[in-house]
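What follows is a set of notes on a single structure, which appears directly below.
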Amino acid sequence: MDEIETKPITLEVPKYSASRGLPRLWPDDYFLQVLVDDDYVTIEGDPAGLRGLAVQLLSLAGSDVPPGYAHDLDDLPAEIESGSVPLILMRAFGVGRS
């Protein structure tokens, strides 16, 4: 099998605090939309929006974030585009695939 090329990326990821929770860090200007059509979920974003979503996911993956902790993304307070379907990002209770 051919080796997959990779490239390093550096991102600032918020740290979880038991007293404050997990801060949300989004870029100043971005586009991120969540749609459902014919049983498919489509997440569409510009480069800044996709990086912002990656930061949210990486922050939830932190070893200090408790299971069940969640970010609800909806169009209020405008984290995703108006008219988008709400999206919940949640730290799982269980273990990964073996």
Open item on the list: Compute a Gaussian network model of the chain, connecting alpha carbons closer than 10 Å, and tell me which residue from 43, 88, 80 fluctuates the most.
Closed with: 88
Task: Estimated [θ] at 222 nm from DSSP helical runs (n ≥ 4, -39500 (n - 2.57)) normalised by residues in the chain, nearest 500 - done: -4500 deg cm²/dmol
Open item on the list: What are the extents of the Cα atoms of the range 19-62 along their three principal axes, in Å, largest first?
Closed with: 41, 23, 14
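Roughly how compact is the chain, stated as its Cα Rg over 2.2 N^0.38 Å to two decimals? Working shown, then result.
Working: Rg = 15.1 Å, N = 98, 2.2 N^0.38 = 12.6 Å.
Cα-based Rg divided by the globular estimate yields 1.20.
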- [ ] Taking only protein heavy atoms into account and a 1.4 Å probe, give the accessible area per residue of the chain in Å².
- [x] 77 Å²
- [ ] Evaluate E = 1/(1 + (r/R0)^6) for residue 48 and residue 18, where r is the Cβ-Cβ distance and R0 equals 41 Å; express this FRET efficiency to the nearest 0.05.
- [x] 0.85
Open item on the list: Below 8 Å, C-alpha to C-alpha, sequence gap of six or more: please give me the relative contact order for the chain in percent.
Closed with: 24 percent
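On the accessible surface of the chain, probed at 1.4 Å, how many percent belong to carbon and sulfur atoms?
Working: 4060 of 7510 Å².
Taking all protein chains in place, the chain shows 54 percent carbon and sulfur surface.
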TODO: Express in nm, to one decimal, how much length is gained between residue 29 and residue 57 on full extension, taking 0.36 nm for each residue of separation and deducting their alpha carbon distance.
DONE: 8.2 nm
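Leaving ligands and nucleic acids out of the surface, order 44, 3 by accessible area at 1.4 Å, largest first.
Values: 44 90, 3 170 Å².
Ranking 44, 3 by accessible area, largest first, yields 3, 44.
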TODO: Considering only 32, 11, 22, give the residue with the highest GNM mean-square fluctuation for the chain, with springs between Cα atoms whenever their separation is below 10 Å.
DONE: 11
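The values are calculated or read from the model by the stated rules, or taken from the named source; none is laboratory data. Predicted model only: the values in this text are computed from it and were never measured. Backbone-built Cβ (ideal geometry, glycine too); neighbour counts: all protein chains shown. The protein model used for the area step is the full one, side chains on, heavy atoms only, and it has no ligands, DNA or RNA in it. Shrake-Rupley method; radii C 1.70, N 1.55, O 1.52, S 1.80 Å.
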